[in-house]
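Engineer: One structure follows; several queries about it will come next.
The values are calculated or read from the model by the stated rules, or taken from the named source; none is laboratory data. Model, not experiment: these values are computed from the prediction. FYI the Cβ positions are ideal-geometry reconstructions off the backbone, even for glycines, and counts take in every protein chain you see.
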Amino acid sequence: MFDLVQKNKTAVQVVLGLVSLGLVVGFGIGGYSAFHDSEPYLAKVGSTLITERELAEAVGNRNVPDNMKPSLVAQLVSQQLLQEEARGLRMVATDESLRELIATIPAFQVDGKFDPKRYKELLANQQMTPEMFQARLKQDIVARQLIGGFSQAAIVSSAVQGRVEKMLGERREVQLAFLGADAFLKGMSVTDEEIKQYYDANQSEFKMPEMVKLEYLVLSQAALASGQQVSDAEIQKFFDENKEKIGKPLAEVKSQIKDLLKMQKSQAAFRDKAREFNEIVYQKADSLKPAAEAFNLQILKSDWVSRESAKERELSNPKIAEAVFSDDVLNKKHNSEAIEVSQGVMVAARVVEHKPEQVLPLADVSAKVADKLKMEKAVKKAQEDGVAKLKALQEGQGVNLAWSPAKALARAEAHGLDDEQIKAIFRVGTDKLPGYAGTEVKGKGYVFFKVAKVLPADQLPAEGKLQMADALAQMYGQVALDGYLEALRKQIKVEYKLAPSKSQEK
């Protein structure tokens, strides 16, 4: 069960809002309601559409920059392909395995034990019901079961593993020295003409985006569920009909049954409430007050909202920005339509304050531009000086640098160094030591590396060899999985409206 929790940790974190853009998306596609039958889509897998709404939900309803969308959409397409295949193979996650998994998730525990109240509270904070969470987690478990077969089937030869162990285990004793731009900054100067040229050529840097402040209402299914009434007779009836499955006395499960029945009632009522909510904000378009009074909602006020971002979670959905910057809402001062920003959450908004896009005047940014240009010149000077000093070191000349204490580094132990710096260190020839390497540090200067000693790889213990074999099997398995996904794309029609690159499709 521990392995199952570890493999599904990403999925759980997505629901709890703990991952940020750039991480692997954990959940598949949940489909969407009749409100979105005509919604434009980013990709289509079989008959399942991947829309902006699904993309936003997959990353915790955060706004997704355009340059990241192709990669994230490609991940969602791959996940949906696996789910389609799992359905075809009749693979399912049992209710028992799901309950066991949820009970072992630390976020849902109090004093080391699963706590139903905390479980519901955390999900409610994400505008999600237990039923929604469990349905999505089931999808994720099944997809990961399908993926797991590839890493388990991969076989790596002992010779290949031995070479990898030797390469990764080798360590080099390294000292660092840094030549920073600050050492050259005092000698740098810029002219008014240079400042003006930069300002004219980079107007986009000084643009303040168009922004609005909003009043808005939030109608949520979770809040609706809390107001539902459930009688003792209804609880008794449910218990009697499911007594064998429950297997506990009514007194022990009464509160859980009550919550379940509340949610079932709210699911049946929410669609009607959402439609009524939309009708009121549309028909009474000059104010949100009628809808607020009809549904006993508080009119909330936002901070400044741009087309790209909003501080308030409910307003981060791209469809909100599309609506509030439309002519009808922005210029005619009407309410927006009721927008489903996540499953079971509707938002209606209106503009109360507006700032048009503007370019800050040169006088306001002149000092900032001057500082930037001086730093750019200082960085360039430091890097040129660094290249010259490295050449002198490699030719055996003495160079006055402040070297750090020696530290043993391995390829897999970055210690704050980037990939290019690690590569530079391990490209140093070992026939004559010390050897030297150096790289530019973007925007900062130049860094030198002195390799004084090579330390051969230690013999891995048995447990380490098993871990290495597992890691290599996963790498080989990923190659096999990429091929499998490519085959699925030929069987299941995939259509992109937002076309990813070939590397992103994998």
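Engineer: I'm trying to understand the selection: among the residues of segment 439-457, which are within 30 Å of Gly162 (Cα to Cα) and buried (at least 20 other Cβ atoms within 10 Å of the Cβ)? If you could, list the steps in order and put the result at the bottom.
Structural biologist: If we filter segment 439-457 for residues that are within 30 Å of Gly162 (Cα to Cα), which is where we start, we get 449-457.
If the condition is that a residue be within 30 Å of Gly162 (Cα to Cα) and buried (at least 20 other Cβ atoms within 10 Å of the Cβ), then Phe449, Lys450, Val451 are the ones that fit.
Engineer: Something else: Can you pull out the residues in segment 305-332 that are of a type in the set (Lys, Arg) and in contact (Cβ under 8 Å) with a residue 24 or more places away in the chain?
Structural biologist: Initially, segment 305-332 is screened for residues of a type in the set (Lys, Arg), giving 307, 311, 313, 319, 332.
Hits for segment 305-332 are Arg307, Arg313, Lys319.
Engineer: Regarding Tyr476, is this residue more than 19 Å from Asp182 (Cα to Cα), in a helix (DSSP H, G or I) and hydroxyl-bearing (Ser, Thr, Tyr)? Step through it out loud before you land on a result.
Structural biologist: Details: more than 19 Å from Asp182 (Cα to Cα): yes; in a helix (DSSP H, G or I): yes; hydroxyl-bearing (Ser, Thr, Tyr): yes.
Against the criterion (more than 19 Å from Asp182 (Cα to Cα), in a helix (DSSP H, G or I) and hydroxyl-bearing (Ser, Thr, Tyr)), Tyr476 qualifies.
Engineer: Which count do you get for residues in segment 391-420 that are part of a helix (DSSP H, G or I) and modelled with pLDDT of 95 or more? I'd like the intermediate steps shown before the answer.
Structural biologist: Let us first name the residues in segment 391-420 that are part of a helix (DSSP H, G or I), namely 391-394, 419-420.
Okay, now just the ones that are also modelled with pLDDT of 95 or more, so 391-394.
Summing the residues that are part of a helix (DSSP H, G or I) and modelled with pLDDT of 95 or more in segment 391-420 gives 4.
Engineer: Out of Ala363, Ala349, Ala388, Ala310, report the one residue that is modelled with pLDDT of 95 or more and surrounded by 20 or more Cβ atoms within 10 Å (Cβ to Cβ).
Structural biologist: Working: Ala363 fails: surrounded by 20 or more Cβ atoms within 10 Å (Cβ to Cβ); Ala388 fails: surrounded by 20 or more Cβ atoms within 10 Å (Cβ to Cβ); Ala310 fails: modelled with pLDDT of 95 or more.
Of Ala363, Ala349, Ala388, Ala310, the one residue that is modelled with pLDDT of 95 or more and surrounded by 20 or more Cβ atoms within 10 Å (Cβ to Cβ) is Ala349.
Engineer: In addition: Out of everything in segment 178-189 that is touching a strand residue (DSSP E or B) at 6+ places or on another chain (Cβ under 7 Å) and surrounded by fewer than 20 Cβ atoms within 10 Å (Cβ to Cβ), what residue ends up being nearest to Val451 (Cα to Cα)? Give the steps one after another, and end with the answer.
Structural biologist: Keep residues of segment 178-189 that are touching a strand residue (DSSP E or B) at 6+ places or on another chain (Cβ under 7 Å), which gives 178-181.
So of that shortlist, the ones also surrounded by fewer than 20 Cβ atoms within 10 Å (Cβ to Cβ) come out as 178, 180.
Working: Phe178: 15, Gly180: 21 Å.
Residue satisfying both the conditions and the ranking: Phe178.
Engineer: Within the set of pairs 6+ apart or on separate chains, which have a first residue in segment 86-98 that is closer than 21 Å to Gln491 by Cβ, a second that is of a type in the set (Gly, Ala, Ser), and C-beta atoms under 7 Å apart?
Structural biologist: Ala86/Ala143
Engineer: Quick one: in segment 485-502, which of the residues that are at pLDDT 80 or above and out of contact with any Leu (no Cβ under 8 Å at 6 or more places or on another chain) is nearest to Glu52 (Cα to Cα)?
Structural biologist: The initial filter retains those residues of segment 485-502 that are at pLDDT 80 or above, namely 485-497.
Going one step further and asking which of them are out of contact with any Leu (no Cβ under 8 Å at 6 or more places or on another chain), we end up with 486-487, 490-491, 493, 495.
Numbers: Glu486: 24, Ala487: 26, Lys490: 25, Gln491: 25, Lys493: 20, Glu495: 15 Å.
It comes out as Glu495.
Engineer: If the requirement is being of a type outside the set (A, V, I, L, M, F, W, C) and assigned by TED's automatic domain parsing to the domain that holds Gln343, which of these qualifies: Gly187, Gly247? Before you say what the answer is, go through the steps one by one.
Structural biologist: Details: Gly187 fails: assigned by TED's automatic domain parsing to the domain that holds Gln343.
Selected residue: Gly247, the only one of Gly187, Gly247 that is of a type outside the set (A, V, I, L, M, F, W, C) and assigned by TED's automatic domain parsing to the domain that holds Gln343.
Engineer: Something else now. Just to be sure before I move on: is Arg163 crowded, with 17+ Cβ neighbours inside 10 Å, over 33 Å from the mean Cα position of the chain (by Cα), farther than 30 Å from Met263 by Cβ and of a type in the set (Lys, Arg) in the structure I sent? It would help to see each step written out before you state the result.
Structural biologist: Working: crowded, with 17+ Cβ neighbours inside 10 Å: no; over 33 Å from the mean Cα position of the chain (by Cα): yes; farther than 30 Å from Met263 by Cβ: yes; of a type in the set (Lys, Arg): yes.
Judged against the criteria, Arg163 is not a match.
Engineer: Among Leu373, Leu261, Leu297, Leu330, which is the only one that is in a helix (DSSP H, G or I), touching a strand residue (DSSP E or B) at 6+ places or on another chain (Cβ under 9 Å), surrounded by 14 or more Cβ atoms within 10 Å (Cβ to Cβ) and not β-branched (Val, Ile, Thr)?
Structural biologist: Numbers: Leu373 fails: touching a strand residue (DSSP E or B) at 6+ places or on another chain (Cβ under 9 Å); Leu261 fails: touching a strand residue (DSSP E or B) at 6+ places or on another chain (Cβ under 9 Å); Leu297 fails: in a helix (DSSP H, G or I).
Checking each option against the conditions leaves just Leu330.
Engineer: Quickly run through segment 220-239 and pick out the residues that are touching a helix residue (DSSP H, G or I) at 6+ places or on another chain (Cβ under 9 Å) and either modelled with pLDDT of 95 or more or part of a helix (DSSP H, G or I) (or both).
Structural biologist: Gln221, Ala222, Ala223, Leu224, Ala225, Ser226, Asp232, Glu234, Ile235, Gln236, Phe238, Phe239
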